[in-house]
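As structure tokens, the structure follows; a few thoughts come after it.
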Amino acid sequence: MTKRLPYMRLYVADYLAATDHFTAEQHGAYMLLLMAMWREGGVLANDPEELAARAHLSQKRWGEVGKPILAKLT
């Protein structure tokens, strides 16, 4: 098992510079996905259904707002 820090570093200026075009909803979804990635060693399955669930969005809503988030994750 890989040992990780008990906290996730967040460089606020870098985060905001890279996501200034996100809506509040997209910020929330992206942060939830980043935290899930941190918890699981940096990788999530490229499965729209799973990503939507982890972002606490419906499949329909993920389809509407997820594209810019996915661009940041790849």
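Worth pointing out:
- Trypsin sites (Lys or Arg not before Pro) within the chain, DSSP loop, no more than 14 other Cβ atoms inside 10 Å: K3, R4, R9
- Computed [θ] at 222 nm, helices only, for the chain once each DSSP H run of length n ≥ 4 contributes -39500 (n - 2.57): -19000 deg cm²/dmol
- Here the relative contact order of the chain, from alpha carbon pairs under 8 Å that lie six or more residues apart, stands at 29 percent.
- Max mean-square fluctuation residue, GNM over the chain, Cα-Cα springs under 10 Å, options A52, A36, A17: A17
- Estimated FRET transfer efficiency (H56, L16; beta-carbon r; R0 30 Å; 0.05): 0.90
- Summing Cβ point charges (Lys, Arg +1; Asp, Glu -1) relative to the Cα centre of the chain gives a dipole of roughly 240 debye.
- Cα-based values for the chain, radius of gyration first and Dmax second, are 12.5, 36 Å.
Readers should treat all values here as calculations from the given coordinates under stated rules, not as data from a laboratory. Everything numeric here is computed off the predicted structure, so don't read it as measured data. Note that each Cβ is placed from the backbone with ideal geometry, even for glycine, and that neighbours are counted across all protein chains shown.
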